[in-house]
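S.K.: Please find one structure pasted underneath; my questions will follow.
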Amino acid sequence: MVSEKNTIKPGTNPVAVVMGSDSDMDTMRGCIEQLKSFGIEPLVRIISAHRTPKVAAEFAQNAAENGIQVIIAAAGMAAHLAGALAAHTSLPIIGVPLFSSAGLGGVDALLSTVQMPPGVPVATMGIGPMGARNAACLAAQILGLSDSGVAGRLREYKKQQAAQTEAKNQVLRERMGGG
Ligand code: RP5
């Protein structure tokens, strides 16, 4: 088992992006890019609740000591990764349920991730790419409570989103003949 106890430089990666398999990477790339757009360099790992359960437990147990403040956990099928990590840490865990071609269209992962027992919460996003991007936004919002740089970049992102939507509305109005 590869231990990460003393290998992660504390404070350098406030957000960890953990996924169950390399087959999840295509979807989670959107999450990683979104985090980077907020100036957050994530720690990225493949850890499986079922295939490497001891690594998952150790990772979560040491996460806070390693300077991680938020963990994003993505998995498909019977997705227990987010919950398994939440069992071993009090850090906020954001779960991203993923579509898997061998699974039930992502609903299997959604239900496995969201239905946590009381006292062990997982903030569960929507299925797939939009959930992956929202996980990054939520992680940034949590960090933004104590990091003014991240908070400022989030404000800018929201402004850009509003400007894009207003521009689309303007185009629509012109196409529809004004008014
Ligand atoms: C889950 O099973 C992984 O998160 C992945 O979404 C799914 C399939 O994994 P692979 O068989 O592609 O490794 O644990």
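The values are calculated or read from the model by the stated rules, or taken from the named source; none is laboratory data. This is a predicted model, so every value here is computed, not measured. For neighbour counting, all protein chains shown are included, and Cβ atoms are generated from backbone atoms with ideal geometry for every residue, glycine included. Accessible surface is based on the protein model in full, side chains and every heavy atom, while ligands, DNA and RNA are left aside. Shrake-Rupley method; radii C 1.70, N 1.55, O 1.52, S 1.80 Å.
S.K.: To the nearest 10 degrees, how steeply does helix 148-175 sit against the main Cα axis of the chain, on a 0 to 90 scale?
M.R.: So the inclination is approximately 40 degrees.
S.K.: What do you get for Rg/Rh over the chain if you use C-alpha atoms and the Kirkwood form of Rh? Don't skip to the answer; put the middle values down first.
M.R.: Numbers: Rg = 17.8 Å, Rh = 17.0 Å.
When Rh is taken as the Kirkwood radius, the ratio is 1.05.
S.K.: Provide the percentage of antiparallel DSSP beta bridges, counting only those with both residues in the stretch 21-142; round to the nearest 5. If you can, show how the numbers build up before the last one.
M.R.: On the way: 0 of 8 bridges.
Of all bridge pairs located within the stretch 21-142, approximately 0 percent are antiparallel.
S.K.: If each DSSP helix of 4+ residues adds -39,500 (n - 2.57) and the sum is divided by the residues in the chain, what number results at 222 nm, nearest 500 deg cm²/dmol? Display every interim value, and only then the final one.
M.R.: Values: 6 runs with 82 residues, N = 179.
Calculated mean residue ellipticity at 222 nm is -14500 deg cm²/dmol.
S.K.: A further question follows. Calculate what fraction, in whole %, of the accessible area of the chain sits on carbon and sulfur atoms when a 1.4 Å probe is rolled over the protein chains. Intermediate results must be reported in sequence, preceding the final value.
M.R.: Values: 5340 of 9650 Å².
Ligands and nucleic acids excluded, carbon and sulfur give 55 percent.
S.K.: Separate question: Along the positive direction of the dipole of the chain (beta-carbon charges: Lys, Arg +1; Asp, Glu -1; about the Cα centre), which of V96, G20, P118 reaches farthest?
M.R.: V96
S.K.: Taking the chain as the reference, fit the longest principal axis to its C-alpha atoms, fit the long axis of helix 129-144 to the helix C-alpha atoms, and give the angle between the two in degrees, 0 to 90, nearest 10.
M.R.: Here the helix axis deviates by roughly 80 degrees.
S.K.: Per residue, how large is the accessible surface of the chain? Use a 1.4 angstrom probe and give square angstrom.
M.R.: On the way: 9650 Å² over 179 residues.
I get 54 Å² per residue for the chain.
S.K.: While we're looking at this one, here's another question. Between E33 and Y157, how many nm apart are label points set 7 Å from Cα along the C-beta direction?
M.R.: That separation, rounded to one decimal, is 1.4 nm.
S.K.: Hey, another quick one. Counting Lys and Arg as +1 and Asp and Glu as -1, each charge on the Cβ, what is the dipole of the chain about the Cα centre in debye, to the nearest 20?
M.R.: Numbers: 15 positive and 13 negative charges, 75 e Å.
In total the dipole reaches around 360 debye.
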